[in-house]
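Working notes, structure below.
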Amino acid sequence: MTAHTAPRTAADLDANDPLAGFVSRFIQSDQVVAYLDGNSLGRPLKTTVDRLGGFVTHDWGSRLIRSWDEQWMELPLTLGDRIGRITLGAAAGQTVVGDSTTVLLYKLIRAAVDARPGRTEIVIDRDNFPTDRFILEGVAAERGLTLRWIDTDPQGGVTAELVADAVGMNTALVVLSQVAYRSGFVADVPAITTVAHAAGALMLWDVCHSAGSVPTSLDAWGVDIAVGCSYKYLNGGPGAPAFAYVASKLQSSLNQPIWGWMGAADVFAMADGFVAAEGMRRFLSGTPPVLGMVPMEDMLDLIEEAGLDAIRSKSLALTTFVIEWTDAHLAQFGVTVGSPRRGERRGSHVTLLHPRFREVTRLLWERDVIPDFRFPTGLRIGLSPLSTTFAEVELGLTLVRDILDQLSD
């Protein structure tokens, strides 16, 4: 289909969607007409209500502190292995759950630059998520390092060629996002990782916007380190803990800076000095946020049942529908597409651009249509494939058109 051709109807796409049955497993709300922000906070699953209730009454209420010995002490590792196997292409023993994305990024960035002594530069793009950039600024100041910035097309993302121009003999670490938070651009992870390694640098990927929506093969791609959150496509809920991946060959050489009792070799030794645990436990610090891990189990069950390839196919269908609908109905108001049109380079959200989208976003929220706004002019349509229908997307985009029409009068 070419640009400005009438898009396929939402009804037809929903009728032929092999994953349509999964939508009913999520909690719906009569206070939401269209939820277009699933890439920021995923909807909860109905079964999670019972799981959380059982956790409170049994695991916590009845087993009490015994649950630490029975399951909770190992939960960051066992849940990490599930996330690794189902969403990251990672073998067991390389993924752990704990802390926030911010804290895990700090711990692993510090560990990585310290593992490359004598190298003085860290490479990152200017359009990366603020947390990633801010943490790198702090670590660079803390360790006397220099940030080398990559300038990118804001409607695209970082390429292997741009990275090759930025890295060199002084590069300790490259930090990039697999899916750009603003444009949705999907980076060529294996090619860029190869470029970083050729320069002797370590490679850290932020997979917050890809885990659970874009098939990923961290082991096969030779990735060193990855960090991701769990409240987007893994539906862990607000404030759910993040996860970290460290390739097995690197684990013993990375020393994270926040030494807490849960990362010690013998957790209950109450030793006078810190000795790091072997394996991924060494990257833990304080007591794991067990309650925040519980909802993830249900979403991982769903992702495994549906299959990540099928989820990716629906994601591409949803984002293609948004682009086609925009071309047919919103372009006349000056709306442009700020995301890649090539499906293989696009994640599970589409950013639309218009100078009045901050105002439009406020009006949409007042009418219970929920996208999000990205400064300066971006309306981000976030599409969580298992919980989103094409009809829901069309309802939301129709209201965008109606509001723009009213504002243009």
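At-a-glance table
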{"read-out": "Where a residue in the range 57-82 is under 21 Å from Ala226 (Cβ atoms) and touching a residue at least 60 places away in the same chain (Cβ under 8 Å) and its partner, wherever it lies, is of a type outside the set (A, V, I, L, M) and open to solvent by less than 90 Å² (accessible area, probe 1.4 Å), with Cβ under 6 Å and at least six apart", "value": "Pro76/Gly98; Pro76/Pro288; Gly80/Thr95; Gly80/Phe243"}
{"read-out": "Selected residue (criterion: most open to solvent (accessible area, probe 1.4 Å)) from residues of the range 104-117 that are assigned to a loop (DSSP other than H, G, I, E, B) and in contact (Cβ under 8 Å) with a residue 40 or more places away in the chain", "value": "Arg116"}
{"read-out": "Of residues in the range 210-224 being touching a helix residue (DSSP H, G or I) at 6+ places or on another chain (Cβ under 7 Å) and buried (at least 24 other Cβ atoms within 10 Å of the Cβ), the one farthest from Ala317 (Cα to Cα)", "value": "Val223"}
{"read-out": "Residues (open to solvent by less than 70 Å² (accessible area, probe 1.4 Å), at pLDDT 95 or above and not in a helix (DSSP H, G or I)) located in the range 7-28", "value": "Asp17, Leu19, Phe26, Ile27"}
{"read-out": "Failed item, numbered, when Gly138 is tested on (1) in a helix (DSSP H, G or I); (2) open to solvent by 20 Å² or more (accessible area, probe 1.4 Å); (3) touching a helix residue (DSSP H, G or I) at 6+ places or on another chain (Cβ under 6 Å)", "value": "(3)"}
{"read-out": "Which numbered condition Val189 fails, given (1) in contact with a helix residue (DSSP H, G or I) (Cβ under 6 Å, 6 or more places away or on another chain); (2) crowded, with 23+ Cβ neighbours inside 10 Å; (3) more than 21 Å from Arg346 (Cα to Cα)", "value": "(3)"}
{"read-out": "Residues that are closer than 16 Å to Gln155 by Cβ and either touching a Cys at 6+ places or on another chain (Cβ under 8 Å) or open to solvent by 10 Å² or more (accessible area, probe 1.4 Å) (or both), drawn from the range 345-372", "value": "Arg345, Leu353, His354, Pro355"}
{"read-out": "Where Gly168 falls short, out of the listed (1) open to solvent by 60 Å² or more (accessible area, probe 1.4 Å); (2) touching a strand residue (DSSP E or B) at 6+ places or on another chain (Cβ under 8 Å); (3) free of Cβ contacts under 8 Å to residues at least 60 places away in the same chain; (4) not hydrophobic (A, V, I, L, M, F, W, C)", "value": "(1)"}
{"read-out": "Residue among Asp266, Asp298, Asp309 that is in a helix (DSSP H, G or I), more than 21 Å from Ala391 (Cβ to Cβ) and open to solvent by 20 Å² or more (accessible area, probe 1.4 Å)", "value": "Asp309"}
{"read-out": "Residue identified as within 25 Å of Gly21 (Cα to Cα), β-branched (Val, Ile, Thr) and modelled with pLDDT of 95 or more among Thr377, Thr389", "value": "Thr389"}
{"read-out": "Close pairs (6 angstrom Cβ cut-off, 6 or more residues apart or separate chains): touching a residue at least 40 places away in the same chain (Cβ under 8 Å) in the range 381-396, crowded, with 24+ Cβ neighbours inside 10 Å and basic (Lys, Arg) anywhere", "value": "Pro385/Lys314"}
{"read-out": "Which numbered condition Thr95 fails, given (1) of a type in the set (Ser, Thr, Tyr); (2) open to solvent by 20 Å² or more (accessible area, probe 1.4 Å); (3) closer than 25 Å to Pro257 by Cβ", "value": "(2)"}
{"read-out": "Residue within the range 388-408 that is of a type in the set (S, T, N, Q), under 22 Å from the mean Cα position of the chain (by Cα) and over 26 Å from Asn128 (Cα atoms) present", "value": "yes"}
{"read-out": "Selection count where residues are assigned to a loop (DSSP other than H, G, I, E, B), farther than 16 Å from Phe373 by Cβ and open to solvent by 20 Å² or more (accessible area, probe 1.4 Å), scope the range 29-54", "value": "7"}
{"read-out": "Options Thr101, Thr120, Thr78; residue that is among the hydroxyl-bearing types (Ser, Thr, Tyr), closer than 18 Å to Met293 by Cβ and open to solvent by 50 Å² or more (accessible area, probe 1.4 Å)", "value": "Thr78"}
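The values are calculated or read from the model by the stated rules, or taken from the named source; none is laboratory data. All values reported here derive from a predicted model rather than from experimental measurement. FYI the Cβ positions are ideal-geometry reconstructions off the backbone, even for glycines, and counts take in every protein chain you see. Side chains included, ligands, DNA and RNA excluded: accessible areas come from the protein's heavy atoms. Shrake-Rupley method; radii C 1.70, N 1.55, O 1.52, S 1.80 Å.
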